[in-house]
Every structure is written in structure tokens, then in C-alpha cells.
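In what follows, a structure is listed as C-alpha cells, so that the remarks can point back to it.
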Amino acid sequence: MNQELAALERALARKGEIITLRRSSGTTPSTFFDVKLKAIVRGYTPQELVGGISQTDSLVIISPNDLSRAQWPGGQTPQTGMFVSDPRLPRKNDRVIVQGRTRNVESVGPIFVGDEMVRIEMRVLG
Amino acid sequence: MLNPGLYALADRAITTALNEAQTPIVDLEGVTAVSLQARLAYGSGGTTAKAYVQTSLDQGVTWIDVACFAFATAGAVKVTNLSAFTPRILTVAPPDGALADDTVVDGLLGDRLRVRIVTTGTYSSSVVSVRAAVR
């Protein structure tokens, strides 16, 4: 396992809190599928409050391994084309339930070291 | 078995007629039983919507229908279960999207599962969902 990913796994095991990540399908009616996983949730520092990020936003850090193990979000429509995004990644308008509060995923930033995804950072608000 | 748990095999908003296999759930080696639930969350329109739950015994080259959930123009939930221990006395020509409505082929469970969704007519605001509790 990549060193950075192993360090994140250790940090999540030590300090992470359980969150629920939710993908909804359809509008009215809609269905959803959840996965529970460990995450590090924190606010942004004053230095990070730039480019539309506000004090009420939170940064959620999760491990790609947890999503892979759960095979979240499950069976998907096969994607084709040159610019196919990783189906494991959360996306805008997924929901994160943190300490009973449902928050909206605004942006997702996977971080790679070499070819390996070593962490997923999400900006959530609401 | 490896990786028992609850999986989403499909969550597909349906509109125009389609015949589409969803991406598979894999790494289920050693699975002995699967409980399945299919739901049509119905909005309006459409004619028929079928969800074929499929498995593969050759790492995804050939897909075999093991359950067919058939819906029409009303919301519904249907469930069934499959066991790997059910002996099959006769061989089966593996159907792919051709199993009779609301039937199962018990006793065949490979290391992966997927759903093929086949619809006719044009649905609106409708979702086909299939869950599998694998153990």
C-alpha cells in the first residue's frame, strides 16, 4: 500500500468519525444507497477561506479503500468516452450525514500519488 | 465468503426504452446465498420494466440470468432469495435477458452479480432499484 494511503488509514482508525455517504437516484420518487465509513471532518482554516469557501463549509477526508471495499455506489450505467470519471468517487449533490446532520457535497477532489488514489477530499455545506 | 454485505446492484432512473447491463458487483467468491429486492419507484408512463439479476461463472464473459423481476405501470417491491446449495438436476442453457417474468434459476451463484434492465415504453420520473444481501 502506498505510504500516504497507509498514513491516512492509520489516522482514520485513530481519529476518524463515522459518517454516512448517500447517493440518490431519481427525483420524485427517488431512491438512495448509503455507505458508512470513517472520515476526518473539520472546518477550513482562515488561510483556506478563499475562492468561494466559507466558514460554514467543512472539509471531509475519506479513504478510497473504504469506498472500494463497500463497492459504493453499486451497479452503475457503464460509461464510455475519453473523459470517464471514476464511478467510485462521490459527486456533487451526493449527501454526507455527519453527526446526524445531512450536508450536501459541493466538490470532490481525489488526490493521487503516482497512479494511485490516496485520499478523497470533499467540500460539504448545509 | 469474501465481502458479505448489502449491495446496490442498480439504481437506474428510466426514461426511454432501454436494454442496459449495469456495472457488476465483484469479489463475491464463496457466496452461498443472496436475498434480492427489486423496486420500481413509479412516476408515470412506460409499459414494462424488467430487472434481470445475473451472475457469471467465467469472470464476466458469459452472464446468466438468475432472477427476473417484472414490473409494469405501478410501483411495486418484489423479493426473492437464491441459494448456492440447491442442486440442479438438469443443465441450463444460460439465458441473458431472457428469463421468464418473475422466475428464478436457483443454485447458480458465481463470484459476481449485476443487473440488466430492459424497459419498453417511455417512463417518466421512475427508478428501478435492486439490492442484494449477500452472505
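All of the numbers you see were taken from the coordinates with simple rules; none came from a lab. Quick caveat: nothing in here was measured; it's all calculated off a predicted structure. Every residue, glycine as well, gets a Cβ built from its backbone with ideal geometry; the counts of neighbours run over all protein chains shown.
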## Note on the structure
Scattering profile of chain B from the Debye formula, Cα beads only, expressed as log10 I(q)/I(0) at q = 0.10, 0.13 Å⁻¹, is -0.29, -0.50
### Query
Is there a pair in A:Lys92/B:Lys50; A:Lys38/B:Lys50; A:Lys36/A:Lys92; A:Lys15/A:Lys92 whose C-alpha atoms are over 28 Å apart, and which pairs would that be?
A:Lys92/B:Lys50; A:Lys38/B:Lys50
#### Entry: Relative frequency of Cα-Cα separations exceeding 23 Å in chain A, percent
33
### Task
Just need the relative contact order of the range A:1-52 here, percent rounded to a whole number, with Cα pairs under 8 Å and 6+ apart.
32
### Message
Can you compute the label reach from B:Leu57? Point 7 Å from Cα along the Cβ direction, backbone N cut-off under 18 Å, restricted to the range B:100-135.
### Response
B:104-114
### Query
At a Förster distance of 30 Å, what's the computed FRET efficiency of A:Val113 paired with B:Thr120, Cβ-Cβ distance as r, to 0.05?
0.05
### Task
Give me the distance in nm between label points sitting 7 Å out from Cα along the Cα-to-Cβ direction at A:Lys36 and B:Glu20, one decimal.
3.2
### Task
Would you mind giving the mean number of other chain beta-carbons within 10 Å of the Cβ of each residue in B:10-21, as a whole number?
3
## Note on the structure
The computed P(r) of the protein assembly as shown puts the percent of Cα pairs beyond 34 Å at 25
### Message
Could you tell me how far the Cα centroid of the range B:10-66 sits from the Cα centroid of the range A:16-32, in Å?
### Response
20
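Determine the relative contact order of chain A: mean sequence separation of Cα pairs under 8 Å and six or more apart, normalised by residue count, in whole percent.
Dividing the mean separation by the residue count of chain A yields 26 percent.
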### Projected label distance in nm at B:Asn3 and A:Thr28, using a 7 Å step from Cα toward the beta-carbon
3.7
### Summary
With label points set 7 Å from each Cα along the Cα-to-Cβ direction at A:Thr102 and B:Thr73, the distance between them in nm comes to 3.1
